[in-house]
Every structure is written in structure tokens, then in C-alpha cells.
Amino acid sequence: MMLYSIDTPPRYVSGPLHIGHATSYSQIDFVARYKRMRGFDVFFPLCVDVNGLPIEVEVEKRYGVNPKEVGRKKFNELCREFAEQNIQRVRDQYNRLSISMDDSIYYRTDSPEYRKITQLTFIDLFERDLVYRDKRPVNWCPRCATSLADAEVEYRLRKSGFNHIIFKMDDSEVIVATTRPELIPACKLLAYHPGDDRYEGLEGKTAVTPIGDRVKIVEDEAVDPDFGSGMVMICTIGDKEDLRWVHKYKLEIDRAIDEEGKMTPLCGKYEGMAVEKARRAIVEDLEEECLIVKKEKIDQNVAVCWRCHTPIEYLVTDQWFLKTMAFKDEVDGIADEMRFYPDFMRTRLKDWTSSLEWDWPISRMRYYATPIPIWYCEDCSSVVVAKREQCYVDPTLDPPPVDKCPRCGGPLKGSDEVFDTWMDSSITPLVNRENGSNYPMSLRPQSHDIIRTWLYYTALRCYLSTGQKPFDSVMISGFILAPDGRPMHASWGNAIDPIEIVEKYGSDCLRYFAANCALGMDTPFRWNDVKRGAKFQRKLRNVVKFVTIAQDKSQNGDRDLRPADRWILTALSKVMEKATSYMDEMDFQHAIREVEDFVWHIFADDYIEMAKYRIYRGDGEDRRETESAVYTLARIGKDVVKMLHPFLPSITEELYYQLDPEGSIISWPEPELRDEKSYDGGEKARSLISGLRALKSSMALPLSSELSSVTIYAGGELADFYDEIKETLHIRDLHFTDAPPPEGAERVGEFSVLLNDR
RNA sequence: GGGCCAGUGGUCUAGUGGUUAUGACGUCGCCUUUACGAGGCGAAGGUCGACGGUUCAAAUCCGUCCUGGCCUACCA
């Protein structure tokens, strides 16, 4: 059997599922169920992610513990316990949403089996020289006391104080505007734009910072003469632009701020102060000395930690890096090899890849994550990597592969660093391969916010491991916003719990909403769609009830299809073809709409009405015609229920059983017949009949009332549907004629009709 | 600043060159049809964001702009 593999997003279990998760997992489930019906063996693992900062931060908050105080081991136990509670809850929620993940394929990212694979891939990269350890500037969160990758940095708009400060020169002074006066102790240079005539001739001269350091003045194109005073102080290191200057002017890096966000001894009397406090203190001092000529507030996008929103610093530290810059073209090529649903999401990945400027720092100074399988020599700092057969290994607990440093014989100490959790998350296709998946996997479903992380890192890591793309297709779901169009927040009171919907309307109605959300788009939650789902289910239930009533009238099954039957069966074939191709394109919205419209407005409104006379008439009439109607009703009932099954699994299973207790819903239906002639006739008959029903309605006649005589000016065109027209509209005498319609004939669709008894 | 997506009746929505622009919700009117009154039938309601262009023909293609969302970058 062909395998269709889905790289289930391992749910991060820091809390319960919200409606956005419920929606996107429903959409994944549509694919899984559809592919099973198409005969694929579907690989759809149940999995959860637990590694990393969010759970650590939650545990710190909830238990009021500090990992440094309680120790690594105890802290990790607390994290594991906390995760455990949430895993159970999330599994229950999956069940209540009818998500058909296979719990015989289960993984969690903190298991030794999973982490072992992370470590093995690292050892491989280490041996191939694709990772390296270096002292260089990285994003640093002072609160979490760890390095961060660019992908873990967010920006927040903030009002910042902008201080115009006097720097004295031998016989004059210059004004420097800065938002970060606390970095003055690390000031290395002043710079102005070459064309700025206010500062002409200052190049090469020296100014004195307010704390007494002498710094050189240079000209630099990158300075914006219109911003601030046009004179910039270059510190080591305030932001990314500083980094470029550090590189350009080969500046020696001073550290004004340490790993915990406190000022270093370099800062003299400010040593030990937190950054913000030091900033206020130095501004006060400078004001006292009358060195501040102007203070203003400006809007500033401040880089913050994605998890705790603390402003990040750029610190020079020893970190492990993965050589990502060398593989930008390869990842770009992989983006082109994968199909994207919707296609424009490919651009997001390519834009991100091409915008990268640094290698990926993969080491973190945290706890609840995969340990880096490395020991360092305490004497010469040599690196000893774990042997493959040792993994999973925790160097803070387990012995190194060799007793002492192979180079100098010094003692070895296990690294207490862990990996960026994306090192774990980015190998899900490799882990799935271990669990029976094919590779490349068929589908990666995920949301658009983690294209720069999960998708990018997976493409990169899997390429480095296999030389191939990780997926054939990528399906990107959007976010679900509150009904008011804003993101849902408990504190705004606009959050909707998916379980609330399930309890009120059932999981199928929530899934009906999910089916109507376009991929890649953010959709406000719509109660209307849920209610519409409930109405549609009611309709479906009643349609099936009618079909089963008809089935009860069946005797020998001996049949002779009328043109009306051939018309609706042909219409069904067309619907099937469309629905199938929509499903293949992951276009759930159109697929369900196609089937829904057919069920409601063609099958129920028209065919069932046309077939009723054959179902309800007495035994003396043509049995074979009645059997044909029963057959057709049952065939269409079963097939539409099947086509709706990926979306509405609960009700369709129940209804299918009523229609076909011996059969099974598990196969996707195939077209039975195509008869274009009957189809065209049927379409004409149905528009005529519904037009005449509307006409009766507009004359305030009950639909069951009898019309004594009706003439239709259509010649033989509708002859095949004579009985349907006569019986459905309760016409005693029906005539077709080629004659031109007289004055007073009603126009019904493309035909003229004369109601003779009016 | 760059990129992507979107802008259609009161609200939401379908619709990538061709008759009177789709449907849902809401509103109003009518109807006990042996599946369904939590239904059926019908009505009102739209300068398809703005302007310009291409075309016999534009909601649809092109250009410019406006508005909103997301991504990305970022001025010390």
C-alpha cells in the first residue's frame, strides 16, 4: 500500500489547546482521513513537544523556583511533571475533536529516544566540521541568561528617552544623541556622515566622553545626518549596526553589560546596576553636570526575547554555531522543490533564508532541553565529543568517552550547555523515519508564524542529514482570531475555548468551521459557520432519513433507470470529480461547498421531490421504476456521506451505518455513470420544476395543490421528464407543444408555460 | 524602508476577461408539501477601496494611490 506521511506538528504542551490549534489540527485531519479513503496507508503520529523555555518560564512562575537555586536535576523534574499533566489534557482534547492521529506512533521530544537522535545528528555535524565553537557576539536574554538565535528575537514598539549629550573636545564640543547612555563606558568612536558640513574637518580628531575616555571621530556613510545630532557614538555593543562598525573599524570589544544584564566593572560607579537602573542613574548624573542639552521621547523598535519579552543585549560569549550561511542556496533550492499550499507562502521561507546574516547559534544556557554531548578539558579547553553508542547521554551526569584530555591529559568536565530546542524540532522527519515513515515525507502541515523557525530549520537540518528535501508538500494554516478580529487573549475576554464549541454543537460543527477557513489566511472565529454546520447536519440527517424510508419500500432491486435517475447520477459524478480535485489541492472550503450545495440544492430540493411519486405510489405501478428511484437515492446518499466523511466524521459514520449496515465508509467514491443527454434534460427539467414551484408559491397556492391543466411550450425537449413534471407539481393534464406561446403565458426559465385553469 | 495577503449589499463570503455579480447570517413577506417549520418559497439591499490604463468587453489584467493585516528590516 502507498504510504502518505504527515509530519504532525508536535503540540507544545505548555497549556491546553486553543481554537487555533483545534482548527489547524482539524485541517490536517481532513487530509489524513481523505488519504485513507483514497487507499493510502497514512502515517500520522501523535506527538508532543515539551522542550524549552516556555515550560521553564511557566514552572519558574508557577512554583516560584529559580533553576540556579533548586539545581538542574530538580528543576528538570519539575518541568517534566508539569509537561506530563498537560500532555494528558491535550490528548483528551485531540480525541474530543476527532483528530485521527495514530497513538501507536507516539513520541515526545524530551524522551531519551528522541534526544538521542538530536545528539547523533550533532555528532555527525561535528565530525563533518559543520559546527564550531567560537567567541562572538550573539543575541542574549539577560532574564533567561541564555543566547538566542535571530529567529527567537521579536521587536516591540516602545517610547525611548533620546538624550542629547555634550562630548567635550580640546577647544570645542559636539553633541551626541543616544537612547543608551549607559553604554558610554564602552564608547569607542564617534561618527558622522561625510557630507555633513556641521562636522567638516573633525575627522581624525578626538573627543572626550562624559566619563573621560578619549575617542576618535570618523566619517561614515552609514550615519544618517538627519537623525538626532548627526553624530553617533559607536559602542561595543549596543545593536547590530554597532556590530558592523566593530567589524569595519576592528574595534576592541569592551563589555559594559554581563550575562545577567548588570553593568560590568568597566562602568565604574554603575557596576552591578541593572541596565535600566544604570541608564537612569547616568542620565541624572549627566544632568547634574549640565552635559545634557535636550531630552526627548522617540518611538523605537526594541529587540526582545520571544519568550519573556525582556530587551535583549548583544554579548560576546563562547557559543556553538551551525554553519548555516554556507547553505542558503541549498535551502532556497529546497523551497523550490516543495509544493506550498497556498503557494505564496514559499516566498516567506525564501525571504527569511536570504535575509540571514549570521550562522545559527545552537547552544543555550538553559536546562529542560537536550544536553550538548560534549566535555571540555579543564586545562586546555579541548573539546571531546561523545561516542555514538553513548547516546542518549547527559554530560552533567554521565562519564566522558575517555578518562582524560587526549591532547594534554587534563581532567574533563561535562558541558552544562543544552541545544536550542529547534535543534530537536528540526529533525521530526528523521525521527518519523525511525518510526516507519517514508522520506521525504508527504506533508508538513504548520502555521505561518513558524516558517522562519520550524520550516527553515527542518529544511536545513534534513538537507544536511540526507541531501534531500524533507517534504513533498507544505500546508500552511492561518491563525484564528477572536470574532472581533483581534487575537484572542484571556485578559481581553474574547477567547473561545474549542471544547465549549464541541459541547454546544459537537466536534463536527467545529470541523465545519475549520473546513471553511482558507489556508494561510487569518480568520476571525465565526459562530455563524458553526451554526450553519449544525443546520447542514440537520438537513443531511433528514435527507438520509428519507432515503432509508425509500429503502424500506424496496423489494427485489430489479431496476430500470429513468432519465431523471441518469441525470442525478451524472450530476453526482461531476460533483465527485470536482470535490476530488479540490481535496487534492487542499482546498477544503470548495470541496465541502461543492458537496453541500449538491446535497441541499440539487439532491434534496430537486431530485428527492421528483422521485417522491415513485416512492409513495401504490404497488400496482411500475415496480422497476420504484426500485430505480430507491437505488439512485441510496447510491447518492451513501456517496455524499462518504465525501463529507473527512470533514464530519462523527455524523457521517452514524448515517452511513443507517444507509448501509453491511458496508463501510472507508473508501472514497468513484463516479458511476456519465450521460450528458440525460444530464442536459435533467437540468432543464429541474429549472422548470423549481420555477413552477416558485410560481405556485407566488400565487399563494400550497405546493400540494393540484393544477388541472398545464401546457408547456417546449415540444419534445422535456418528454423524458414528463412524469417527473406532472407528478412533482401535481398536474392533472400536462401537455407539451411546439406551438408558439400565446399571450398570457408565464415565462419560467427558458420555457413558456400556460396554466389553463387560472 | 522591503515583501506578501486582503479590501465585493448591514455583517461575513464566492468569484483571476464575457449575459441581470455567488452564497451565508440578519431583515421583511408568503406556504402544514406523507425527510426536514431549527423547514421551504420569495423580496428588499452592492458606484465590486480610489483614480488612470489595456480590451469589443474588467470585480477579474496592468500602473499609481488609499486602508487594514501579517512577515521582514530598522536610526544611534
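The values are calculated or read from the model by the stated rules, or taken from the named source; none is laboratory data. Worth saying up front: this structure is predicted, and the values here are computed from it rather than measured. Methodologically, a virtual Cβ is constructed for each residue, glycine included, from the backbone with ideal geometry; neighbour enumeration extends over all protein chains shown. To get the accessible areas, we keep the full protein, side chains included, count just its heavy atoms, and leave off ligands, DNA and RNA. Shrake-Rupley method; radii C 1.70, N 1.55, O 1.52, S 1.80 Å.
Of note:
- Cleavage-rule hits (chymotrypsin sites (Phe, Trp or Tyr not before Pro)) in the range A:258-353: DSSP loop, at most 14 neighbouring Cβ within 10 angstrom: A:PHE344
- Structural descriptor for the range A:411-525: relative contact order 25 percent, calculated from alpha carbon pairs under 8 angstrom and at least 6 residues apart.
- Close amide H partners of A:ALA714, meaning residues 5 or more places away or on another chain with modelled amide H under 5 Å apart, are A:THR737.
- Local electrostatic count at A:THR370 - Lys and Arg +1, Asp and Glu -1, tallied over other residues with Cβ under 13 Å: -3
- Local net charge near A:TYR392, Cβ-Cβ under 13 Å (Lys/Arg +1, Asp/Glu -1): -2
- Rounded to whole Hz, the Karplus (6.51, -1.76, 1.60) HN-Hα couplings of the range A:318-332, x for glycine and proline: 7, 9, 8, 10, 9, 6, 9, 4, 6, 10, 4, 5, 5, 5, 4
- Once the 1.4 Å probe is applied to the protein heavy atoms, chain A comes out at 43 Å² accessible per residue.
- Relative contact order of the range A:683-755, pairs being alpha-carbon contacts under 8 Å that are 6 or more residues apart, as %: 37 percent
- Cα-centre dipole for the range A:541-674 with unit charges at Cβ (Lys and Arg positive, Asp and Glu negative), debye to 20: 300 debye
- For chain A, relative contact order (Cα pairs under 8 Å, six or more residues apart, normalised by length) works out to 13 percent.
- Karplus (6.51, -1.76, 1.60) ³J(HN,Hα), θ = phi - 60°, over the range A:628-636, in Hz, Gly and Pro reported as x: 5, 5, 4, 4, 5, 4, 5, 4, 6
- Surface accessible to a 1.4 Å probe, A:CYS517 within the full protein complex, Å²: 10 Å²
- Among the listed pairs A:LYS250/A:LYS404; A:LYS504/A:LYS642; A:LYS74/A:LYS277, a Cα-Cα separation exceeding 27 Å is found for A:LYS250/A:LYS404; A:LYS74/A:LYS277.
- Of interest is the spacing of the C-alpha centroids, which for the range A:513-557 and the range A:247-287 amounts to 65 Å.
- Extension gain, A:TRP306 back to A:ASP213 (0.36 nm per residue minus Cα-Cα distance, nm): 29.9 nm
- Signed unit charges on C-beta, dipole axis of chain A, positive-most listed residue A:LEU356, A:PRO54, A:VAL131: A:PRO54
- Helix-derived mean residue ellipticity, 222 nm - over chain A, DSSP H n ≥ 4, -39500 (n - 2.57), to 500: -12000 deg cm²/dmol
- Element breakdown for chain A at a 1.4 angstrom probe: carbon and sulfur atoms account for 47% of the accessible area.
- The modelled label-to-label distance between A:TRP358 and A:GLU389, using points 7 Å beyond Cα along the C-beta direction, is 4.0 nm.
- C-alpha long axis of helix A:53-63 to longest principal axis of chain A, angle in °: 80 degrees
- The residue among A:LEU648, A:VAL599, A:TRP567 whose Cα reaches farthest toward the positive pole of the charge dipole of the range A:541-674, with charges on the beta-carbon of Lys, Arg, Asp and Glu, is A:TRP567.
- Listed residues A:ILE28, A:CYS79, A:TYR12: farthest to the positive end of the dipole of the range A:6-102 (Cβ charges): A:ILE28
- Within the range A:683-755, percent of DSSP bridges classed antiparallel, to nearest 5: 55 percent
- In the range A:574-688, Rg over Rh equals 0.99, where Rg is the alpha-carbon radius of gyration and Rh the Kirkwood radius from pairwise Cα distances.
- For the range A:156-170, the Karplus equation 6.51 cos²θ - 1.76 cosθ + 1.60, evaluated at θ = phi - 60°, returns couplings of 10, 6, 8, 7, 10, x, 10, 9, 9, 10, 7, 10, 7, 10, 3 Hz by residue, with Gly and Pro reported as x.
- At the residue level, A:ARG541 shows approximately 100 square angstrom of accessible surface with a 1.4 angstrom probe and all protein chains present.
- A:ILE55 accessible area, 1.4 Å probe, all protein chains in place, Å² to nearest 10: 0 Å²
- A:ILE362 long-range amide H proximity, modeled H, under 5 Å: A:TRP320, A:PHE321, A:LEU322
- Using distinct alpha-carbon pairs, which all enter the 1/r mean, Kirkwood radius of chain A in Å: 31.4 Å
- For the peptides A:552-558, A:604-610, A:115-121, residues were scored by their other Cβ atoms within 10 Å and the scores averaged per peptide; the highest-first order is A:115-121, A:604-610, A:552-558.
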